[in-house]
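Q: For reference, the structure I am asking about is given below.
Read-outs: derived from the displayed coordinates by stated rules, not from any lab. Fair warning: this is a prediction, and the values are worked out from it, not measured in the lab. FYI the Cβ positions are ideal-geometry reconstructions off the backbone, even for glycines, and counts take in every protein chain you see.
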Amino acid sequence: MSKIRRIALVVALVATVSAVDALSATSDRSSAAARPVAEVAALPTAAVALGDSFVSGEGAGAYTSVADVNGVPQEFPGWSAPNNNAFFCHRSANASLHKANLPGIQARFNLACSGGQPHDIASASINRTSGRNVSAQLDQLRAVAQTNDIDLVLVGLGSNNSSFTFGDVASKCANRFVADAWTGWWEFWAYLGGPVEQAPCSAGDLATPAQVSAATAETTNAVRQLLTTLDQVDPDGQHRIVFQDYTNPLPFDLESKFHEEDGRDDSRDKFRDLGAERYAGGCPIHRASLAAGHLFSGNLGTLVQSVANTMRTEFPSADLVYLNVQRAFDGARLCESANSPTGTLATPIRLQDGPTGVPLTSLSGYDKIAIQRIANSCVSYFQTCQESWHPNAAGHAVLGQCLAGAAATPNRTVACVRSGNGTITIS
């Protein structure tokens, strides 16, 4: 069967997923186990990605159509469309799943969705606030399992949850810097009708220990349902599950070009030229926020590793690998070198002046009123800025190398590290 026909069949199966849901867990398991060995062996082997933007391919472009809850493929609906459109899951042909060298894998299915949360694993995303119009990822997985032997599952989950989301964290720190660079204290009330936070982000602004703990429990419950479902739908029981964590798009400190501008730096009241230069480089952020951001990334890594460890205890026979990618972009993060964003592995923050489809690469010359208008476009039409601070196509290609290593390693915990010369090492 050709790849195109297989994809068409999966779309049709998603449209009838209510019939699959009607089966009990016991029936699912019995049905899968009862399939003839020869029939299972004849199925194409498949790799599947589930989770959020860091595995869906956000930032990598080449986005493919996504079937909505009714099984209708959604193409790009326009820049002013509601952001809950299924297309904005941003499943990319350049996602790491599609770029990884996976010997023996015949078919690949990207079921992840940008902005995905633990809720979306077992429940339709559209049923929560700000969710997209797509079926539960487990329902989509069941559909794939009808015609494929699932051998590899990439899971990227935890950066978005009921307590915090990556998008909110990123926009909070970027907005504080932009407000600090363009708005004087005396303009709070005169122009904006109230105080605008301008202080650098602290660790507590991004995620408190209690929030991380709640997110860990929420993610653990979702992954538990995933592993249970895999046991039900994969008759031969032979599948590796790779838990990938997250890499920070920003460096531990900015290259000097981005914190020296005509004698102005972060310690001064006003630094619009510096602000514009950082925006052009892709990193409108206080230097003092960077440490908090890396602590947040590290906490996400701890979250993912904790989930993997818990699953090892609960599913002792499962083939589980924790993939640490926190250093996969070393030396190629935004504003880590003077030519940023050229040569980096992450997408710069880019805004649009309305839903025009034209990203602004420079904010030089804009006044505070224009900056407010531009920032509001991101709020009203999130797709205009949705790709910001995600891996770009080159970044997802690197993550594909990381995935390939995790798929082949005999180890249960691996780290994917980029060296100074760009070499990727998995150990």
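Q: Based on the mean of other Cβ atoms within 10 Å per residue, sort peptides 402-408, 100-106 so the most packed one is first. Spell out each step's value before the answer.
A: On the way: 402-408: 22.7, 100-106: 14.7.
Going from most to least packed, we get 402-408, 100-106.
Q: Let me ask something else. Find out how many positive minus negative residues lie around Gly51, taking Lys and Arg as positive, Asp and Glu as negative, among other residues whose Cβ is under 14 Å from that of Gly51. Walk me through the intermediate numbers first.
A: Details: positive: Arg91, Arg132; negative: Asp52, Glu58, Asp120, Glu218, Asp245.
In short, -3.
Q: Moving on. So between Val379 and Ala62, what do we pick up on full extension, going 0.36 nm a residue minus the alpha carbon distance?
A: Result: 111.7 nm gained on full extension.
Q: Using the Cα atoms as the points, what is the convex hull volume per residue of region 188-336 in Å³? Walk me through the numbers before you get to the answer.
A: On the way: hull volume 22.8 nm³, N = 149.
Looking at region 188-336, the number lands at 153 Å³ per residue.
Q: Still on this model: Give me the base-10 log of I(q)/I(0) for the chain at each q in 0.09, 0.12 Å⁻¹, Debye formula, one uniform scatterer per Cα, rounded to two decimals.
A: Normalising to I(0) and taking log10 leaves -0.55, -0.96.
Q: Follow-up question, since we're still on this one. So how far apart, in nm, are the two label points at Arg128 and Leu295 if each is 7 Å from Cα heading toward Cβ?
A: The answer from the label model is 2.6 nm.
Q: Sticking with this structure for a sec: Give me the net charge for the shell around Thr247: Cβ to Cβ below 14 angstrom, other residues only, Lys and Arg +1, Asp and Glu -1. Write out the running numbers ahead of the final one.
A: Numbers: positive: Arg327, Arg333, Arg418; negative: Asp52, Glu58, Asp245, Asp330, Glu336.
Net of charged neighbours comes to -2.
Q: Related question: Between Ser163 and Thr425, what FRET efficiency comes out of the Förster formula 1/(1 + (r/R0)^6) with R0 = 35 Å and r the beta carbon distance, rounded to 0.05? Don't skip to the end; give the middle numbers.
A: On the way: r = 34 Å, r/R0 = 0.96.
Calculated transfer efficiency: 0.55.
Q: For the chain, what number of Lys pairs, 8 or more residues apart or on separate chains, have alpha-carbon atoms under 18 Å from each other?
A: On the way: Lys3/Lys99; Lys172/Lys368; Lys257/Lys270; Lys270/Lys368.
Eligible lysine pairs with Cα atoms under 18 Å apart amount to 4.
Q: Sum -39500 (n - 2.57) across every DSSP H segment of at least 4 residues in the chain, then divide by the residue count to get the 222 nm mean residue ellipticity, nearest 500.
A: Numbers: 16 runs with 174 residues, N = 427.
Only helices count here, giving -12500 deg cm²/dmol.
Q: Points 7 angstrom from Cα along the Cβ direction at Asp253 and Ala214: gap in nanometres?
A: Here the answer is 3.6 nm between the modelled labels.
Q: Given a Förster distance of 45 angstrom, what is the FRET efficiency for Thr310 paired with Asp273, based on the Cβ-Cβ distance and rounded to 0.05?
A: 0.35
Q: Here is a follow-up. Quote to one decimal, in nm, the extra length available between Thr302 and Glu260 on full extension: 0.36 nm per residue of separation minus the C-alpha distance between them. Write down the numbers at each step before the final one.
A: On the way: separation 42, 0.36 × 42 = 15.12 nm, distance 3.45 nm.
Length gained, Thr302 through Glu260: 11.7 nm.
Q: Which cysteines in the chain lack any other cysteine whose Cβ sits under 4.7 Å from their own Cβ?
A: Within the chain, no cysteine lacks a partner Cβ under 4.7 Å, so the list is empty.
Q: OK, next. Would you mind calculating the relative contact order of the chain from Cα pairs under 8 angstrom and at least 6 residues apart, reporting the percent as a whole number? Spell out each step's value before the answer.
A: On the way: 874 pairs, mean separation 82.7, N = 427.
About 19 percent, as a whole number.
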